[in-house]
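Before any comments, here is the structure.
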Amino acid sequence: MPFDRRIHPTRSTDWQHTGGAAAEPTAIEAERRLTPFQAVNLQFERAADLIGLAEDLRIALKTPFREVMVEVPLRCVDGRIRTFSGYRVQHDNSRGPMKGGLRYHPEVDLDEVRALASLMTWKTAVVGVPYGGAKGGINCDPREFDPQDIEQLTRRFVGRLEPFIGPHEDIPAPDVNTNAQVMAWIVDEYAKYHGFTPAVVTGKPLELGGSVGRESATGRGILFATQRTVAATGTILEGARVAVQGFGNVGSWTAHFLSQAGAKVVAVSDMHGGVFDGDGIDVDTLRREAKVAGRIPDGTGREAITNEELLALDVDILIPAALGNALHSRNAPSVRARLIVEGANHPVTPGADEDFRSRGIVVVPDILANAGGVTVSYFEWVQNLQRFRWKPERVDEELHSTMDAAYDAVSELAKAHATDLRTAAFALAITRVSEATRLRGVG
Ligand code: NAD
């Protein structure tokens, strides 16, 4: 049984036949019908089969602990009243307080947030930080807002969410279209109810108890995961040609660290499109230009390309670092990279994953590759609870050793079971979470 329909049949049309004699769906059609949460649970089931997990535990582990849905009304600076839907899904807390980002994006919905929350449960377990998983967001397009609107929207959301979050309950962090400033507003709003409590969120500005190295942590972690994988496959990073989709926090820091390590970043893109330079892009110059322009600008020596062209480039390493489902059954066959490192969460659909497996393309899964962010979030939380600041070298060293240990554990399991890194990472995580669940007992 690939996934459990009894839980969360949110997109009912995904399951309804459209009438007439029902033909067997093609693999591509079947994949289109999968919701993000069902796709994650397909990966879960594959690993659960590998470790022989009992059916009752499978249901217990897949079912979210709590789901909070709220109306977020906003009086915009232009005088209009607009109403948005806000979500926080708390997936599992057997290993510790729940942890995960907050996303402001028009595609945010309950099913996607469930998928992302469950990925956080497996991710925190893979890197062995003492957290469960959660995720949240508001269904809105921040590009339509004045910055004051974003502040008011955030404060309204916290007003509705504050009974459910806290340093020992659930700790949000930045994700797509949220940043340190948004976390600062959350600290301030939460303080109105509970007093000054910086440990309620991570990814804060340094002045409010943020950690050095948090902003760049996901990209730095992706560098470590990439270096480990490249070494394991007997190749070298120096001179390797890299394409990165997404040039926000994760994509731009990843491009920075990989080019610092000697890789040749030949293409990057954002939601508007991308640029290509076969001789290698000067990543730091482009990062500065993009910061000023608010998007990737054209530039001397850089050729404009589309996102689809970027994904199909003849490169050694492809890093999807934007949104989910970027690589699917239809575009997977055109991918020519030999290594895919998932900077984004669930950027590869199950159908694309199967294509890559069959062609021997190595995929480093999201729950391992992009876990550097939650790892340094954990360091930030520890510093907040201890009221003590770590030096940058300590943050980097601890991140490096955590990522290497996680990679090695996943890679050993993959070898032992002759399976891929994603299935091994899920198997490791499920083993850890189910053991914590068993030890705590049900009652
Ligand atoms: P961000 O908002 O900083 O950047 C997102 C980037 O993706 C932007 O450059 C945007 O233009 C681009 N983008 C959006 N839609 C696109 C499209 N359709 N095609 C191509 N590019 C598109 O977000 P972020 O924090 O960098 O997060 C990116 C991904 O990494 C998300 O999947 C997020 O969940 C995941 N992630 C983030 C962190 C973190 O610490 N921020 C940690 C782990 C995973």
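The values are calculated or read from the model by the stated rules, or taken from the named source; none is laboratory data. Worth saying up front: this structure is predicted, and the values here are computed from it rather than measured. For neighbour counting, all protein chains shown are included, and Cβ atoms are generated from backbone atoms with ideal geometry for every residue, glycine included. Side chains included, ligands, DNA and RNA excluded: accessible areas come from the protein's heavy atoms. Shrake-Rupley method; radii C 1.70, N 1.55, O 1.52, S 1.80 Å.
Could you list, in sequence order, the residues of the range 110-151 that are more than 14 Å from the ligand (Cβ to nearest atom) and free of Cβ contacts under 8 Å to residues at least 60 places away in the same chain? Residues satisfying the conditions are N139, E144, P147, E151.
Inspect the range 423-432 for any residue being open to solvent by 10 Å² or more (accessible area, probe 1.4 Å) and either free of Cβ contacts under 8 Å to residues at least 40 places away in the same chain or farther than 26 Å from N41 by Cβ (or both) and give the result as yes or no. No.
When T218, T197, T202 are screened for being polar (S, T, N, Q), away from the ligand (no atom under 16 Å from the Cβ), open to solvent by less than 60 Å² (accessible area, probe 1.4 Å) and under 20 Å from V374 (Cα atoms), only T197 passes.
Could you list, in sequence order, the residues of the range 345-370 that are open to solvent by 10 Å² or more (accessible area, probe 1.4 Å), hydrophobic (A, V, I, L, M, F, W, C) and within 16 Å of the ligand (Cβ to nearest atom)? Across the range 345-370, the qualifying residue is only V363.
Residue by residue, here is whether (1) closer than 30 Å to D56 by Cβ; (2) small (G, A, S) holds:
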residue: A337; (1), (2): no, yes
residue: V362; (1), (2): no, no
residue: W381; (1), (2): no, no
residue: Q386; (1), (2): no, no
residue: H400; (1), (2): no, no
residue: D408; (1), (2): no, no
residue: A418; (1), (2): yes, yes
residue: T431; (1), (2): yes, no
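Is it fair to say A304 is within 16 Å of the ligand (Cβ to nearest atom), in contact (Cβ under 8 Å) with a residue 12 or more places away in the chain and not in a helix (DSSP H, G or I)? Yes; evaluated as a whole, the condition is true for this residue. Of the residues contained in the range 397-405, one or more are found to be over 22 Å from G100 (Cβ atoms), in contact (Cβ under 8 Å) with a residue 12 or more places away in the chain, open to solvent by 10 Å² or more (accessible area, probe 1.4 Å) and not in a loop (DSSP other than H, G, I, E, B). Scanning the range 307-329 for residues that are more than 15 Å from the ligand (Cβ to nearest atom) and in a loop (DSSP other than H, G, I, E, B) yields D314, V315, D316, S329. Based on this model, can you work out whether A231 counts as open to solvent by less than 20 Å² (accessible area, probe 1.4 Å), away from the ligand (no atom under 14 Å from the Cβ) and on the phi < 0 side of the Ramachandran plot? Answer is no for this residue. Residues satisfying the criterion are absent from the range 272-285 (criterion: within 13 Å of the ligand (Cβ to nearest atom) and either closer than 24 Å to G372 by Cα or in contact (Cβ under 8 Å) with a residue 40 or more places away in the chain (or both)). Of the strands (runs of 3 or more DSSP E) lying entirely inside the range 61-172, those containing at least 3 residues that are open to solvent by 30 Å² or more (accessible area, probe 1.4 Å) span 66-75, 81-92.
Restricting the range 173-189 to residues that are open to solvent by less than 10 Å² (accessible area, probe 1.4 Å) and of a type outside the set (V, I, T), the residue that is nearest to the chain's Cα centre (by Cα) is A173. Name the single residue, out of those in the range 281-301 being in a helix (DSSP H, G or I) and open to solvent by less than 20 Å² (accessible area, probe 1.4 Å), that is nearest to L116 (Cα to Cα). Applying the filter and picking the extreme gives A290.
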